[in-house]
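> Okay, handing you the structure first.
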């Protein structure tokens, strides 16, 4: 049904997206239709992310989709980085526009323009904004969820009164928001580090990243947080009157996470039978499957009890369709717990509980069903994280040379001193389609300042 | 500070949007920046709407922003209606596109294309989809919240096995979702009816609408629900195999509500002192204002208690700024309840409670604060609805001729038999900038079928 992961991982990824009805290609090249099941995962993820973003003090706002072309040009590195990917509106309302408008590829420029208006004095700092939006970046090799011409994301943009405050906030977003969601909600372990100079966001002075290992050993960048220094403040004149009455330039940050995380969820947890969705973001945590018509009433009663216990539950009452096909379909969709109820179960006052992560079925008394399911969901959330963590650890090889790193990257990641690599080594890795995913200090913490010696590099192939 | 409503309502509207920090103009003509306070109102409104939409059985999904130009052309009335408003992407990724892509003005066409793929048999019906998205319609006379080139909305799209089922669902959305949110959440009374033929959505066979009266007597269309008949099913080949094994065309609907509702909230409730936000969508339901520095601790304690009771609370601890200016600012923002706490209040074990809807202040014992505030919010929500309902009723004049209707529309709406108006009368009204807002049967219910005789027309100026 699905291609096997070991045989053809990219094909497996495509298959599972299509068969679990997560998404499909849109009519304009590289765009994506997110189907209800895929969108429901995104909504739960979004809610978890949004709550944590607000807890840091940021407020949501909304800035326009269309940005005057001239805005992009104000920050030199930024325009250079994004120019090749822009979609441009030249005509509107039946006329040619005087100045073409680009569809936002990201919103530093337009938000910078408004921050400059809104910030007058040190009292207005920090200004902490976030928006949930669609962005468009024309992709040469589009891939559903991972690299689509249009994608959904949140982008945070903040302004601060000092470099230290900006750094502390960007770091807080990386750890307390992004890593927390990825680990606690998506059950995906991540390595936190900073990007090398060449991998930085266009216009940033420092890019921090979270890298996750997929089941094929490749890395996926799951979220990034950037210190923009005073680059955008200078370009858009984001200044403020300090406590001492001096006019100063602000320090800004930006940070983003997108529908790409859904791609990460698929590739970090899915197996040859399909998706395995962590209970925390499972649109359907429990499906109650009536084996025969006469069990439909009982299935609904059970579903009602589980729903009342706060779970997300669906009833499969298609008793006229082959049982096996229905069961396989729910496995494909990665629903954590399936409860099968047939006449025999009913007679015994029990139901059959099948968990997506285990192969054994078990009979559970109806009176024990709710606590059993609640425990199972909690255990399975932890199990997925433990499994992914063990796999990631086992596939990171400590090596000493660039050559060994290239070898190790065939099946996982390599870890080695960044001093061994250097700019030349990055070129050599690049020739083999491998990049430095991130840099850490020896104790695993984020490097500070521009000092890049004595750092550990994580190296691998990536999406 | 603000223009007076009676003197210059449009200017008052602009002023209140700017001074309450709800929104401002974007850099591309007609676009809008929604600032955090305005966006927070939208989020609460969105949440209330989303919950009710899901309760009807619809699922959220996401379809692409960019639509091939050729899709728009498949439904003749649709393309005619939307062509003048389209924004067109002609270049992307550094190249001219083979086929230009339009930015969605609405998504019937692209969703129709996918419905055709997803629907095979009667078992797949009804298919109930909704999406929260941005759309772009190039506006000649843009106005914040009411008519912006880009706006945020939800658009629902459904397919059914019969005209009756489609009609029943479109009607359910109008009443159980839209009217429920407008009345119960926004505290805005609405008149439900159908649009005349000329006011129909481009491509619809029937457009149902909810019309609200603003404080200047003009009408605002707050939400519409369309029966599309088989027009889009024919254009996009949305067919299914019936229970009897026949291939049939589906019947589709679409329905939308947007950030325009925030404009409605401002104009239905605001007064010369600023906004008056219904408690149900107030981002800040209660502000606790520390009059002096020494009251800041107490203000925080009170805020903590109110937050624990489930209220949305903010503390104003800017004790170094003039008290009067702070109080006026919270009135401007329409925060329903303001609690002032100063040294004298503290000594008396009380706080001063000021409600946005009343002029009197009252001293309330600290121990009574939470229940007092909870009651006040509930009463004020009801009060706003009652006030708006009374105003609307008092400003609808029952008239007998088109001439009288034109006269009545100078200060409110006119109600008269549609048979008196006819197509000619609609032309005459149009010359005075007046339209038939909607038609009802004499008992206030929605007209059925195409029969348009014996109906009551609501006539007025509109936004």
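Nothing in this text is a laboratory measurement; each read-out follows from the coordinates by a stated rule. Note that the coordinates shown come from a computational prediction; the quantities given were computed from them, not determined experimentally. All Cβ positions, glycine included, derive from the backbone under ideal geometry; neighbour counts span all protein chains shown.
> Under the 0.36 nm per residue contour assumption, what length would be gained going from the current alpha-carbon distance of residue B:317 and residue B:141 to full extension?
That pair, residue B:317 and residue B:141, stretches by 59.2 nm at full extension.
> Would you please give the FRET efficiency between residue B:7 and residue A:54, computed as 1/(1 + (r/R0)^6) with r the Cβ-Cβ distance and R0 = 41 Å, to the nearest 0.05?
0.55
> On to the next question. Normalised by the residues of chain A, what does the relative contact order come to in percent, with Cα pairs under 8 Å and at least six apart?
Relative contact order of chain A: 14 percent.
> Which whole number gives the average count of other chain Cβ atoms within 10 Å of the Cβ atoms across peptide B:100-106?
Mean shielding count: 3.
> Please compute one quarter of the surface area of the Cα convex hull for the stretch B:398-460 and express it in square nanometres.
So the Cα hull casts an average projection of 3.9 nm².
> Over the alpha-carbon set of the protein assembly as shown, work out the extent along each principal axis and list the three values in angstrom, largest first.
91, 82, 63 Å, listed from the longest principal axis down.
> When the label point is put 7 Å from the Cα of residue B:121 along its Cα-to-beta-carbon vector, which residues of the stretch A:10-37 have a backbone N closer than 20 Å?
Flagged as within label range: A:19-21.
> What nm distance separates the two modelled labels at residue B:249 and residue B:325, each placed 7 Å from Cα along Cα→Cβ?
Each label point lies 7 Å from its Cα, and together they span 6.5 nm.
> Over the stretch B:163-211, what lengths in whole Å, largest first, do the semi-axes of the equivalent ellipsoid take, defined as the square roots of 5 times the eigenvalues of the alpha-carbon gyration tensor?
Square roots of five times the eigenvalues give 21, 14, 7 Å.
> Something else about it: Hey, could you grab the Kirkwood Rh for chain B? Inverse mean 1/r over distinct alpha carbon pairs, Å, one decimal.
The answer is 24.1 Å.
> Here's something else I'd like to know. Per residue, how big is the convex hull around the C-alpha atoms of the stretch B:115-210? Give it to me in cubic angstrom, could you?
142 Å³
> Taking just the C-alpha trace of the stretch A:284-376, give me its Rg and Dmax in Å.
Cα-based Rg and Dmax for the stretch A:284-376 come out at 11.7, 32 Å.
> Once the stretch B:170-283 is represented by equal point scatterers at the alpha-carbon sites, with solvent omitted, what log10 I(q)/I(0) does the Debye formula produce at q = 0.13, 0.22 Å⁻¹?
Treating every Cα as an identical point scatterer, log10 I(q)/I(0) equals -0.59, -1.15.
> Treating the point 7 Å from Cα along Cα-beta-carbon as the label, what are the nm separations from residue A:325 to the other copies, to one decimal?
7.2
> How high is the FRET efficiency between residue A:445 and residue A:395 when r is their beta carbon distance and R₀ equals 35 Å, given to the nearest 0.05?
The calculated FRET efficiency here is 0.95.
> Most exposed first by the Cβ proxy, i.e. fewest other Cβ within 10 Å, how do B:160, B:383, A:226 rank?
B:383, B:160, A:226
> While we're here: Which FRET efficiency, nearest 0.05, do residue B:359 and residue B:175 yield, Cβ-Cβ r, R0 30 Å?
About 0.25, to the nearest 0.05.
> Other chains' Cβ within 10 Å of B:31-39 residues: what's the mean?
Average neighbour count from other chains, rounded to a whole number: 6.
> Another question about this same structure. In the stretch A:143-161, which residues have a backbone nitrogen under 18 Å from the label point lying 7 Å from residue A:242's Cα in the Cα-to-Cβ direction?
Output list for this probe position: A:159-161.
> Sketch the reach of a paramagnetic label on residue A:293 as a point 7 Å from Cα along Cα-to-Cβ, and name the residues of the stretch A:319-352 whose backbone nitrogen lies under 20 Å away.
A:319-326, A:341-347
> Once label points are set 7 Å from the Cα along Cα→Cβ at both residue A:14 and residue B:47, what is their separation, rounded to one decimal in nm?
For the pair residue A:14/residue B:47, the computed spacing is 4.2 nm.
> Let me ask you something else. Using the alpha-carbon centroid of each, what span in Å lies between the stretch B:316-378 and the stretch A:134-193?
40 Å
> Hey, got the average number of other protein chain Cβ atoms within 10 angstrom for residues in B:108-118?
2
> Another question, then. Per residue of chain B, what 222 nm ellipticity follows from adding -39500 (n - 2.57) for every DSSP H run with n ≥ 4, rounded to the nearest 500?
Helix contribution divided over all residues of chain B: -10000 deg cm²/dmol.
> Output, in nm with one decimal and in ascending order, the distances from the residue A:348 label point to the matching label points of the other copies (7 Å from Cα along Cα-to-Cβ).
From this label point to the equivalent ones elsewhere in the assembly: 7.2 nm.
> Another question about this same structure. Taking the Cβ of each residue in A:338, A:276, B:247 as the centre, tally the other Cβ atoms inside 10 Å and list the residues starting with the fewest.
Exposure proxy ranking, most exposed first: B:247, A:338, A:276.
> Please say if the stretch A:9-269 is rounded, prolate or oblate, where rounded means a/c under 1.5 for a ≥ b ≥ c the square roots of the C-alpha gyration tensor eigenvalues, and otherwise the choice is prolate for a/b larger than b/c and oblate otherwise?
In terms of gyration-tensor shape, oblate.
> Output, in nm with one decimal and in ascending order, the distances from the residue A:180 label point to the matching label points of the other copies (7 Å from Cα along Cα-to-Cβ).
Here the equivalent label points are 3.3 nm apart from this one.
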